[in-house]
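Q: One structure, pasted below without further comment.
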Amino acid sequence: GNPIYLLDHLTDEQEPETAWADNLALRTVIAELAPREQLIIKMRYFQGKTQTEIAQCLNVSQVQVSRLEKRILQKLRVTLSG
């Protein structure tokens, strides 16, 4: 399938001239997340792992990963919308 892009989950239509700034802001915000949250985002959006694969690595259920991911994305949205 198509890769999942983190910015697609956090922003509306992406203007090419602002994409680099959004990318930089996103990196900064991710660096402020808790280590476990960073790991989930890294595995999901940068390594392309499924929620099930992440769940196995973290020894939790897929449902728990889904909830964590949703909460993390919401936190990122709020922070980025400032």
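Q: Among the residues of the range 45-55, write down those that are surrounded by 14 or more Cβ atoms within 10 Å (Cβ to Cβ) and at pLDDT 95 or above.
A: Passing the criteria: Lys49, Gln51, Glu53, Ile54, Ala55.
Q: Here is a further query. Write out, first by first residue and then by second, each pair whose Cβ atoms fall under 7 Å of each other, whose residues are 6+ apart or on separate chains, and whose first residue, in the range 59-82, is more than 12 Å from Val29 (Cβ to Cβ) and without any contact (Cβ under 8 Å) to a residue 60 or more places away in the chain while the second is hydroxyl-bearing (Ser, Thr, Tyr) and in a helix (DSSP H, G or I).
A: As it stands, the answer is Gln62/Thr52, since those pairs meet every condition given.
Q: Testing Gly1 on (1) surrounded by fewer than 11 Cβ atoms within 10 Å (Cβ to Cβ); (2) at pLDDT 80 or above; (3) in a loop (DSSP other than H, G, I, E, B), one condition comes back false. Which one is that?
A: With respect to (1) surrounded by fewer than 11 Cβ atoms within 10 Å (Cβ to Cβ); (2) at pLDDT 80 or above; (3) in a loop (DSSP other than H, G, I, E, B), Gly1 is out only on (2).
Q: Could you go through the range 33-44 and let me know if any residue there is without any contact (Cβ under 8 Å) to a residue 24 or more places away in the chain and outside any helix (DSSP H, G or I).
A: yes
The values are calculated or read from the model by the stated rules, or taken from the named source; none is laboratory data. Note that the structure is predicted; figures quoted are calculated from it, not measured. When we count neighbours, we look across all protein chains shown, and the Cβ atoms used for this are built from the backbone with ideal geometry, even at glycine.
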